[in-house]
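Working notes, structure below.
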Amino acid sequence: MTRFFLTLSLVISIFSSFACVQKGGTGPAASTGDTIRVGVYGDTTGATSSFGVSTKNGIALAFDEINAAGGVNGKKLEMLFEDSQGSPEKAKTVISKLINQDKVVAVLGEVASSNSLAAAPVAQEAKIPMITPSSTNPKVTEVGDYISRVCFIDPFQGSVMAKFAANTLKAKTAAVLGDNSSDYSKGLTQFFEQEFVKLGGTVITKQTYNQKDQDFKAQLTQMRDQKPDVIYIPGYYGEVGIIARQARELGMNQPLLGGDGWDSPELWKLGGEALKNAYISNHYSADNPAPEIQNFVKSYTAKFGVAPDSLAALAYDSAKVLADAIKRAGGTDSAKLKDAINATKGLAGVTGSITLDANRNAVKPAVVLELTPAQSKFTFKETIYPEGMSAPATTAASNTAANTPANTATNANSTAVTNANTAPATNTTK
Amino acid sequence: MDTFVQQLINGLTIGSIYALIALGYTMVYGILRLINFAHGDIYMVGAYAGFFIATSMGFAANPSAFGFVVTLVGAMAISAALGMAIERFAYRPVRKFSKMTTLITAIGMSLLIEYLFIFIFSPTPRSFPQLLPVENFTLFGNATISSSQLMIFVISLLLMGVLQFIIYKTKIGKAMRAVSFNITSAKLMGINTNFVIAFTFALGSALAAAGGVLTAQYNPKIDPLMGIMTGLKAFVAAVLGGIGNIPGAVLGGLLIGAAETLVVGYGGYIGIPSTYRDAIAFAILIVVLLVTPAGLLGSNVQEKV
């Protein structure tokens with residue numbers, strides 16, 4: 001009996017010591033009246049933890065730069081970070097904490113659309129502006145006028161890969177292997193199919209898996225029989241690496257296509273050589289020689305020791321959009337701040353020029369990157385502009401970009417592109 | 001035809017892993033009437049132990065059969081020790097209380113291991129190094145089997161054979177059977193029941209660890225929560241085969257694995273989307289339990305170890 005209690009007390013003391021350590025790690029310093037408190041939430045410990053880490057780093061870098069330049073309206077920006085653990089329930093809890101307990105003036109996050117969708121209603125109800133750096137599912141900003149984003153949306157991202165498959169890879173048939181537990185993946189599947197069919201292709205089979213599944217050979221075997229020209233896998237890096245490996249083991253050597261959810265340094269470790277002959281759509285390319293991008297890549301790498309992925313770049317941009325809006329709103333009054341964010345126009349970011357449309361979505365071109373596992377690196381392939389861009393001026397732009405990667409998304413180009421495109425893209429959203 | 005064979009190979013591969021883990025559930029249940037919920041996490045610990053052995057001893061850099069065997073045996077030994085420690089410090093002190101107390105302790109133990117691992121090793125999935133070169137063998141037509149799948153079959157069969165030998169041909173095996181038959185009488189006959197129970201935990205944990213290392217060769221992503229779903233399915237497999245019954249656990253594991261894969265492969269034709277693969281495992285369990293409540297091979301007459 002005594003021994004039992006001894007064991008129990010040991011266990012309890014272990015637990016409580018963890019609790020202390022964790023509190024010490026994340027506890028924000030008490031803020032003074034001179035700072036503007038901004039809430040940031042992301043997954044730093046869950047299945048998509050590299051997303052949250054990149055997001056946090058990108059925002060930290062942006063805040064440091066802004067604060068070093070004197071802050072916003074004379075006040076410094078302060079980041080309060082909460083871990084969503086990659087679960088929608090937890091995302092909802094932490095955003096409530098940020099808003100109700102920490103009294104932040106605005107929230108930046110999440111990455112995964114399912115998590116943003118769970119958290120957004122809380123921000124909307126509390127009338128606290130929330131900018132998601134990288135949730136691409138259209139439904140996220142439909143929650144309300146306090147929710148906005150600085151990235152493009154899935155109808156566009158899905159169509160980019162369909163265009164690339166049909167036009168560049170000359171694919172006639174495609175198979176889709178989607179993640180059934182993510183809104184992101186479902187959205188991409190739908191819009192990829194729509195566009196691919198429109199371009200004369202056929203989606204011959206659609207299979208799904210669940211996050212954290214270990215075995216994908218059953219789905220892949222079924223696909224193998226149908227001999228698709230390409231396989232579209234709109235999932236997150238954790239599963240994609242394994243899927244690629246198991247597909248190659250089954251002798252399937254088709255090009256694998258994906259989206260920004262693949263963008264993580266972890267992908268290379270999981271997939272290795274199997275990731276040859278694969279392409280993704282993404283928000284920006286670190287190869288882009290434009291000086292503002294190279295400066296960002298340089299200072300990010302110096303600070304965190306790794307090259308920034310697109311999620312870090314988007315997070316950095318979302319922080320810049322927020323700072324700019326606070327400046328224009330002349331303060332942090334939530335209604336004025338929301339209006340200022342939603343009126344963001346032509347703001348130069350590392351992922352291109354950012355203008356929010358009537359649905360608070362940013363309209364920007366996407367890049368297609370080729371995977372080169374030998375160097376663990378994404379290599380720039382081509383830029384694809386939003387639809388409605390078939391206007392003569394923009395065709396020229398996209399041609400130039402396709403021919404000379406050096407020119408991708410110079411600011412002048414993308415601004416023109418974005419503005420011209422605002423109206424048609426709005427339609428796609430609905 | 002070759003697709004069907006391919007799906008069967010895929011299914012039996014994961015089924016063998018479930019079977020290895022199910023054996024641990026069933027043996028502990030047979031002896032203590034305890035469902036050891038921490039067993040799925042021992043499978044995870046096995047994979048992590050293998051990971052650290054392989055990376056620290058440099059097997060990751062130069063794959064060899066020797067490195068693989070050392071990793072496998074090392075992981076099994078570490079997990080066996082952990083299984084015994086859990087039994088000694090968590091289950092033995094509460095064994096004399098009600099069954100419910102032990103059950104809750106097991107659930108607590110499971111959560112403790114999971115979150116301890118998240119705390120110490122971070123929740124980020126790790127990539128398990130390839131210890132043996134992967135080759136693909138074509139059986140006929142399109143049906144292929146990879147060396148990692150083949151290895152899972154061979155090693156699982158080997159381990160099950162060893163287990164069968166221990167239980168039926170050795171003295172300790174006889175003691176295990178006696179304890180499972182009636183723990184009080186066994187004690188009166190001079191059997192050191194505490195030792196036998198500890199040994200059972202060690203054996204079950206070693207098998208789970210082997211499952212962990214083998215899975216990691218097939219699917220190199222390991223994370224601290226990988227044991228939850230796999231453990232749950234292995235538990236279902238044990239119950240399906242008749243909990244407490246060793247051949248039943250193997251049969252249950254293979255059945256669940258095959259059913260899961262065939263649902264993904266052919267469910268589409270009868271209107272079951274591939275996402276229902278997990279639901280199917282549990283649906284089968286419910287149906288089997290409705291028809292034969294003791295499981296497929298379970299009965300009250302059979303010896304339980």
Fill in: Inverse mean reciprocal Cα-Cα distance (Kirkwood Rh) of the stretch A:168-319, Å
16.4 Å
Worksheet, complete the sentence: A student applying the Cα gyration tensor rule (rounded when a/c is under 1.5; otherwise prolate if a/b is larger than b/c, oblate if not) would label the stretch B:184-261 oblate
Discussion item. Just to verify a number: FRET efficiency for A:Leu169 and A:Lys198, C-beta to C-beta distance, R0 = 22 Å, to 0.05?
Written reply: 0.85
Worksheet item: Can you give the Rg to Rh ratio of the protein assembly as shown, both from alpha-carbon atoms, with Rh computed by the Kirkwood formula?
Response: 1.01
Response to the item:
Everything considered on the Cα gyration tensor (a ≥ b ≥ c; rounded for a/c under 1.5, else prolate if a/b is larger than b/c, else oblate), the stretch A:26-150 must be described as prolate
Worksheet item: Using the count of nearby Cβ atoms within 10 Å as a rough guide to exposure, how do B:Leu262, B:Leu240 rank from fewest to most?
Response: B:Leu262, B:Leu240
Practice prompt. Report, in deg cm²/dmol and to the nearest 500, the calculated mean residue ellipticity at 222 nm for chain B, where each DSSP H run with n ≥ 4 adds -39500 (n - 2.57) and the sum is divided by the residue count.
Written response: -24000 deg cm²/dmol
Fill in: For chain B, diffusion coefficient by Stokes-Einstein and Kirkwood Rh (Cα), 4 °C, 1.567 mPa s, µm²/s
66 µm²/s
Discussion item. Given a Förster distance of 22 Å, report the FRET efficiency between B:Asp278 and B:Ile120 from their Cβ-Cβ distance, rounded to the nearest 0.05.
Written reply: 0.15
Worksheet item: Under a point spin-label approximation (7 Å from Cα along Cα-to-Cβ), what is the A:Lys345-A:Gln190 distance to one decimal in nm?
Response: 3.1 nm
Item to complete: For the stretch B:51-113, just run the numbers: alpha carbon Rg, then divide by 2.2 N^0.38 Å, N being how many residues it has.
Response: 1.58
Worksheet item: Is there a pair in A:Lys170/B:Lys233; A:Lys139/A:Lys212; A:Lys186/A:Lys338; A:Lys75/A:Lys97; A:Lys139/A:Lys227 whose C-alpha atoms are over 32 Å apart, and which pairs would that be?
Response: A:Lys170/B:Lys233; A:Lys139/A:Lys227
Worksheet entry | Chain lengthening between A:Asp145 and A:Ser299 when straightened (0.36 nm per residue, less Cα-Cα) | 52.1 nm
Discussion item. Expected output is a single nm value to one decimal: the length gained when fully extending between A:Lys127 and A:Gln101, i.e. 0.36 nm times separation in residues minus the C-alpha distance. What is it?
Written reply: 7.9 nm
Response to the item:
Phi-derived 3J(HN,Hα) across the stretch A:74-79 with the Karplus relation (6.51, -1.76, 1.60, θ = phi - 60°), rounded Hz, x for Gly and Pro, is x, 10, 8, 8, 10, 9
Worksheet entry | Residues whose placed amide H lies under 5 Å from that of A:Ala348, excluding near-sequence neighbours | A:Ile354
Response to the item:
The alpha-carbon center of the stretch B:60-76 and that of the stretch A:183-244 are separated, in whole Å, by 35 Å
Fill in: Rh (Kirkwood; distinct C-alpha pairs) - the stretch B:13-142, Å
16.6 Å
Worksheet entry | Contour excess over end-to-end distance, with Cα ends at B:Phe165 and B:Phe52 and 0.36 nm allotted per residue | 37.6 nm
Fill in: Highest-MSF residue in chain B out of B:Gly40, B:Gly265, B:Gly252 [GNM, Cα springs under 10 Å]
B:Gly265
Practice prompt. For the stretch A:346-365 and the stretch A:245-268, write down the distance between their C-alpha centroids in whole Å.
Written response: 29 Å
Response to the item:
Spelling it out for A:Val72: with amide H atoms placed in the peptide plane at 1.01 Å from N, the residues 5 or more places away or on another chain with amide H under 5 Å from its amide H are A:Leu77
Item to complete: Largest first and to the nearest Å, give the Cα extent of the stretch A:224-294 along each principal axis.
Response: 48, 24, 18
Item to complete: Under 19 Å Cα to Cα from B:Lys171, which lysines show up? Leave out anything in the same chain fewer than 8 places away.
Response: B:Lys187, B:Lys304
Discussion item. Beyond a 22 Å Cα-Cα separation, which of these cross-linked pairs lie in this structure: A:Lys56/B:Lys221; A:Lys92/A:Lys327; A:Lys92/A:Lys320; A:Lys163/A:Lys276; A:Lys172/A:Lys364; A:Lys76/A:Lys303?
Written reply: A:Lys56/B:Lys221; A:Lys92/A:Lys327; A:Lys92/A:Lys320; A:Lys172/A:Lys364
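FYI, it's all coordinate maths here, none of it is from the lab. Given the structure is predicted, the values throughout are model-derived calculations rather than measurements. Positions of Cβ are backbone-derived with ideal geometry, glycine not excepted, and every protein chain shown enters the neighbour counts.
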